[in-house]
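Step one of this worksheet: look at the structure below.
Derivation of every value follows stated rules applied to the coordinates shown; laboratory data play no part. Note that the coordinates shown come from a computational prediction; the quantities given were computed from them, not determined experimentally.
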Amino acid sequence: VVDGREATSLGSEHWTLDQHGFALLSAKPSALSREAFLAAPMGDVNGHSGAALGDYYQEVRDMALALFPAAERVQVSYHIVRQAGGDPKDSGKRHHVPPKVQGSEAHRVASRMVHNWNFIEFFPPDYTRKLAEQLYAQGPAGEEALLREMVESQAMALTDNPYALMSGAGPELQAEVLALLRDDADYAFVSRARQAIPSPGADDGSTGADAGPAVRNVQPKDPESKAHQVAVGILQCVRRVKLLPESSAKRFASLLHEEGAAGEKAFLDEVVAEHAMPLFENQYALMPGASSELQAEVLALLRDDEDYDLLSRMRGAVPKSEAAQVPKPEPEVQPPAYGVHTDVSAKGWYDQFRQAHPRTSSFGSVPKGFKRRVLLVKFWRGINPETPIVNHHLAMLDKRTVSDCDIAENEISFKGGLIAQYNLAAATDEGRRWVYFPGMRHDEVLCFVQGDLTLRGAGPAEVTFPADRRDHSTFHTAF
């Protein structure tokens, strides 16, 4: 990892978005205080327009326009505040234990494995359920199996597990890490696992005390019928209603609680239509391209069949309250984002773009003979004007030093959905150049590309991406 200020004679100005995938902006102070950021450490533009964080979103727009002065539109979607190292006093929610013995590889791995419990929401659902069974249903033997399997996974080759913390480790190091996780009260690995993973009975398929009839055990009344299969699949989505954007949850609450029969009809029509979209518009569609007859049959089941009864289930899941205000958990400061990754792959960026801008929207399509390039660019800064960043910097991989053959695509689970992203498939960093900017001040901002697509109004492809994968999205990691 090289110091981006010292690596070349041009200093930080050497690095550009086009050539390297990232750039450091200077003289970009924020008018917001650290306290304002910490008061709202996570959110989107809908929740902050006109408030203090709305002012910050405008600052980000101004930076984006300075980088791309010809842009026809800039949209700032969300923000996240991360805290270097986490707060040890908050161990119930923030799993952070520094290595007890500095310089010990076993203690380093044990510390990082504890830290991984902060990212339980990224674990595949089937794997999380397996861990829950081991923790809560299989007694000491299950706990031991969990420990051994997790240690062994961290010793895999990077081609099998790109996030392995001790790739290729021998049996002695594995045994030492296993003993620390099992026996050391400060790491308390199994106890922290129970804090991170709820017992299998903790999720009854509802989203709250008034979430309506449980949907976990609903089965198709006619297992051979496509309409019944889709109806049950839509019912399962009720369990994930808390993951909806706030604006969607409010709108559904209004339709279901305040707008009578017309609102109910609009809600059912919208749900059925969304699940009939092509997969390139809605990757979770349960009947993509369905005929009008099938859509009508599914709608009738959801509306009229008392065993399915989507309306009453959704009324319970989206509670009625003043102005259809949907309660949601207080956001928290997040830990550093360890692990070499991109936020999305080309497919992941396309999926996110289409969710926000369907083909029928004005921004989601272009006239014949025209094209529109759409970039996803992230901006990363310190929020304390009194203190520069001293640890958990963000390192960038110079895209010119990575080959497409070293880039693999995978999907991660995140809050009930799947996100396609890239990771590095090769097991060596030879020839790659990682860059960071130590001591970043409050008026310095690191920006980096995470998505690049071009909409086209004619030709065989509706959308295209840069020819080389390395130009799609910049690899990065906290370190």
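When the inverse distances between all different Cα atoms of the stretch 56-199 are averaged and flipped, the Kirkwood radius reads 17.5 angstrom. For residue 407, the residues 5 or more places off, or on other chains, whose built amide H falls under 5 Å of its own are 425.
For residue 82, the residues 5 or more places off, or on other chains, whose built amide H falls under 5 Å of its own are 334.
Using a/c under 1.5 as the rounded threshold, could you call the stretch 335-439 rounded, prolate or oblate? The axes a ≥ b ≥ c are square roots of the C-alpha gyration tensor eigenvalues, and prolate needs a/b larger than b/c, oblate otherwise. Since a/c reaches 1.5 and a/b is larger than b/c, the shape of the stretch 335-439 is classed as prolate.
Across the cross-link table entries 347/399; 226/265; 265/347, which are compared at the Cα atoms, the separations over 30 Å belong to 265/347.
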